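Engineer: I have a structure I would like to understand better, so I am pasting it below and will then ask my questions one at a time.
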Amino acid sequence: MNTQLNARSSFGAGRAEHAAIISQAPQAWADYATNHEQVFAENGLNKYVLVDKDKNIVARNSQSAELVKNNLYVTNAATLRHEDFMIIQQVITEVRRRKLNGIADLQAAGLSFPADISTQIIGTENISEFTEADQEQNPTGFNGDDLVFGEIYVPNPITHKSFTVPWRQQGFSYKTSLGLSESVRMVAERLEETLFNGNAKIKVNFNGALQSIYGYTTHPYRGTTTISDWNVSTNYDKIVNEVISAVGKMFTEQGGVEMDSVVMYFPKNLKPVMDRDYSSVKGDKTVKQRLMDIPEIKDIKFAEKLADNNVLFVEMLARTVQLGVASDIVSVPHTKTNPMAGQPMTTYAAMVQIIKSDSAGNTGIMHATVA
């Protein structure tokens, strides 16, 4: 009797668990048909599905007697139990999304540092530049320079996304797991957006000045340059020279960059351009491969949050940018006070980038836009 009750009640915990219990309890097979018809009738479900040779459903019913009565029941493989269709329940098509590279690149390069979750604002300092050194046969002047420190502060917000699993659906684990997956992606998307484009809505007053969150494309001290429209075929031959020029400006106007240190980011509309043949000799090199030959270029990557026809060059060194991390992306359940209420879940992170400038207003960032 207990086995029969377990077999019936397991339906609410999910079909997979139900099938497992049936297969592991041979004694339940004696009353298998009766139990199934009763459970399916109580839940308004179809026990049998009739398909044709092309696997199209031509009829469905919950009672075997009614199938026989209406000449719909057949004794071959065309009539199947619901377990045979369970693969349909196990394959979920999630929203197609492109890879996020920006935050991952900072973490992979070791350009992150720990912060406290209670810290509302994160800061860094720069120092003034000394005057030129003297050169004398008989030194007489020893009035040394003194360091002047400058401070840079950035708000440290909480990035979060919440969802709720309804009370009567909390037994279906996929509702929670798929919700977690979706909320994690939303938090990651927001972090990536802030890294590339900042967040002008968040400002914190510190020492009498409003501190904002600047991104790669919004920082006031980023270098800027112009390029042609690379989507136009007549401009294909200009791409390499324009990238060389942009990196050159990082030397002449931004204080220089290290060899093999610059990641070049391009938007989705330039993906076909990066993959096209660089020369008329097919298979020789793509445009991206040719650009990788520039000594300063470390990597070339797609950036989901970069606007069309914008190209970005970022020196991946701690003197240019770091990521303050108070909390990586985590998901937590809320405490429920009402057992019949839905289960709220929140996925959150506390991290923010600090884009650094020296005392002369130079950064390791070059932002190129179409003229």
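The values are calculated or read from the model by the stated rules, or taken from the named source; none is laboratory data. All figures in this text were calculated on a predicted structure; none of them were measured in a lab. Every residue, glycine among them, receives a Cβ derived from its backbone with ideal geometry; neighbour counts consider all protein chains shown.
Engineer: Identify all residues within the range 248-270 that are over 20 Å from H219 (Cα atoms) and surrounded by fewer than 13 Cβ atoms within 10 Å (Cβ to Cβ); write none if there are none.
Structural biologist: M259, D260
Engineer: What number goes with the only condition from (1) over 17 Å from L312 (Cβ atoms); (2) buried (at least 19 other Cβ atoms within 10 Å of the Cβ) that R222 does not pass?
Structural biologist: (1)
Engineer: So, A360, is that one at pLDDT 90 or above, assigned by TED's automatic domain parsing to the domain that holds V240 and closer than 30 Å to A115 by Cα or not? Can you show your working first?
Structural biologist: Numbers: at pLDDT 90 or above: no; assigned by TED's automatic domain parsing to the domain that holds V240: yes; closer than 30 Å to A115 by Cα: yes.
Considered against the rule, which asks whether it is at pLDDT 90 or above, assigned by TED's automatic domain parsing to the domain that holds V240 and closer than 30 Å to A115 by Cα, A360 comes out as no.
The rows are residues; the columns are (1) buried (at least 17 other Cβ atoms within 10 Å of the Cβ); (2) under 21 Å from the mean Cα position of the chain (by Cα); (3) of a type in the set (A, V, I, L, M, F, W, C); (4) in a helix (DSSP H, G or I).
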position	(1), (2), (3), (4)
G171	no, no, no, no
T176	yes, yes, no, yes
S181	no, yes, no, yes
A188	yes, yes, yes, yes
L191	yes, yes, yes, yes
T194	yes, yes, no, yes
V204	no, no, yes, no
Q211	yes, no, no, no
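Engineer: Filter the range 225-240 for residues that are of a type in the set (V, I, T) and touching a helix residue (DSSP H, G or I) at 6+ places or on another chain (Cβ under 9 Å); which is surrounded by the fewest Cβ atoms within 10 Å (Cβ to Cβ)?
Structural biologist: T226
Engineer: Shifting gears a bit: Run down G198, G215 and say which single residue is closer than 30 Å to D105 by Cβ, surrounded by 14 or more Cβ atoms within 10 Å (Cβ to Cβ) and without any contact (Cβ under 8 Å) to a residue 24 or more places away in the chain.
Structural biologist: G198
Engineer: Looking only at the range 287-307, how many residues end up being surrounded by fewer than 18 Cβ atoms within 10 Å (Cβ to Cβ), among the aliphatic types (A, V, I, L, M) and under 14 Å from N269 (Cβ atoms)?
Structural biologist: Total satisfying the criteria: 1.
Engineer: Another question about this same structure. Check off (1) more than 26 Å from V154 (Cβ to Cβ); (2) touching a helix residue (DSSP H, G or I) at 6+ places or on another chain (Cβ under 7 Å) for D260 and give me the number that stays unchecked.
Structural biologist: (2)
Engineer: Would a scan of the range 237-250 turn up a residue that is in a loop (DSSP other than H, G, I, E, B) and closer than 15 Å to L291 by Cβ?
Structural biologist: No, the range 237-250 contains no residue that is in a loop (DSSP other than H, G, I, E, B) and closer than 15 Å to L291 by Cβ.
Engineer: Now for a separate question. Residues to consider are T335, T369; find the one that is out of contact with any helix residue (DSSP H, G or I) (no Cβ under 7 Å at 6 or more places or on another chain), surrounded by fewer than 19 Cβ atoms within 10 Å (Cβ to Cβ), among the hydroxyl-bearing types (S, T, Y) and free of Cβ contacts under 8 Å to residues at least 40 places away in the same chain. I'd like the intermediate steps shown before the answer.
Structural biologist: Numbers: T369 fails: free of Cβ contacts under 8 Å to residues at least 40 places away in the same chain.
When all the criteria are applied, what remains is T335.
Engineer: From the list M274, M259, exactly one residue is touching a Pro at 6+ places or on another chain (Cβ under 7 Å), outside any strand (DSSP E or B) and modelled with pLDDT of 90 or more. Which is it?
Structural biologist: M259
Engineer: If you check T224 against the conditions, is it modelled with pLDDT of 90 or more and not in a loop (DSSP other than H, G, I, E, B)?
Structural biologist: yes
Engineer: Something else about it: Considering L306, L323, which residue is under 17 Å from the mean Cα position of the chain (by Cα) and not in a strand (DSSP E or B)? Lay out the reasoning, then the answer.
Structural biologist: Working: L323 fails: not in a strand (DSSP E or B).
Matching residue, one of L306, L323: L306.
Engineer: While we're here: Would you confirm, using the coordinates I've provided, whether V314 is part of a strand (DSSP E or B) and out of contact with any strand residue (DSSP E or B) (no Cβ under 6 Å at 6 or more places or on another chain)?
Structural biologist: no
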